[in-house]
Structure formats: structure tokens, C-alpha cells
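The values are calculated or read from the model by the stated rules, or taken from the named source; none is laboratory data. Quick caveat, the model's predicted, so the values are computed rather than measured. Note that we place each Cβ from the backbone using ideal geometry, even for glycine, and neighbour counts take in every protein chain shown.
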Amino acid sequence: MEFEALKKVAATVLGMDPEEIEMDMTFLTDLGADSLDLYQIFMGVEEETGLHIPTEGLDKLTTVREAVEWIERAGKL
């Protein structure tokens, strides 16, 4: 569920097809996202899932997989 929500929001923010987004892609190199894009993605995922996702440390996430794990941990708080 977290991966699907992330794909949907990231695709909207980055202007791409959600099916192009894979777990091992990097935000900066593969997806062309910057820190503002990442922040917008996480705010969108919060809205989509109803979870509160901590933003402190977002700048350390480099891959989609790391972001999904971050969201999963937020769901357990």
C-alpha cells in the first residue's frame, strides 16, 4: 500500500507515469527529484494515507525503497 501511494503521488509531483517508478530507483539521479519534490511527495503521501510522516531526515533518503520503509515506520508510530 505504501509503495502504491508513493508511486501515485511521486508520479503526480514529477509529471511521470506511476508504472515507471521502481523500488530501487534513486530520487535524485533516476527520478530527477530535488529536496522540495521529496517534501511535496511525502506531504502528498500523508494526505493519501492519513499517516503522519516525520520530515526530519527526509534529506537522507536516496531510494524509493528507503522512502517506502520510512513511510512503513511512520505507520507503526
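With the structure loaded, tell me whether LEU28 is assigned to a loop (DSSP other than H, G, I, E, B) and among the aliphatic types (A, V, I, L, M) or whether it fails that test. Explain how you work it out, then say what you get.
Details: assigned to a loop (DSSP other than H, G, I, E, B): yes; among the aliphatic types (A, V, I, L, M): yes.
When the stated conditions are applied, LEU28 passes them.
Within the range 42-56, the set of residues being in a helix (DSSP H, G or I) and either loosely packed, with under 12 Cβ neighbours inside 10 Å or in contact (Cβ under 8 Å) with a residue 12 or more places away in the chain (or both) comprises PHE42, GLY44, VAL45, GLU47, GLU48, THR49. Answer yes or no: is there a residue in the range 25-32 that is touching a Ser or Thr at 6+ places or on another chain (Cβ under 6 Å) and farther than 14 Å from PHE3 by Cβ. Yes, the conditions are met somewhere in the range 25-32. Residues in the range 32-41 that are assigned to a loop (DSSP other than H, G, I, E, B) and within 11 Å of the chain's Cα centre (by Cα): 1 in all. The residue of the range 43-62 that is modelled with the lowest pLDDT, among those that are more than 12 Å from PHE3 (Cα to Cα) and within 11 Å of the chain's Cα centre (by Cα), is LEU58. Out of all the residues in the range 57-77, which are in contact (Cβ under 8 Å) with a residue 40 or more places away in the chain and either assigned to a loop (DSSP other than H, G, I, E, B) or within 19 Å of THR12 (Cα to Cα) (or both)? Answer for the range 57-77, where residues must be in contact (Cβ under 8 Å) with a residue 40 or more places away in the chain and either assigned to a loop (DSSP other than H, G, I, E, B) or within 19 Å of THR12 (Cα to Cα) (or both): THR63, VAL64, ARG65, ALA67, VAL68, ILE71. For the range 20-34, the set of residues classified as touching a residue at least 12 places away in the same chain (Cβ under 8 Å) and either surrounded by fewer than 15 Cβ atoms within 10 Å (Cβ to Cβ) or of a type outside the set (A, V, I, L, M) (or both) consists of GLU22, MET23, ASP24, THR26, PHE27, LEU28, GLY32, listed by residue number. Screening the range 1-25 for residues that are out of contact with any Leu (no Cβ under 9 Å at 6 or more places or on another chain) and in a loop (DSSP other than H, G, I, E, B) and picking the one that is nearest to THR62 (Cα to Cα) gives ASP24.
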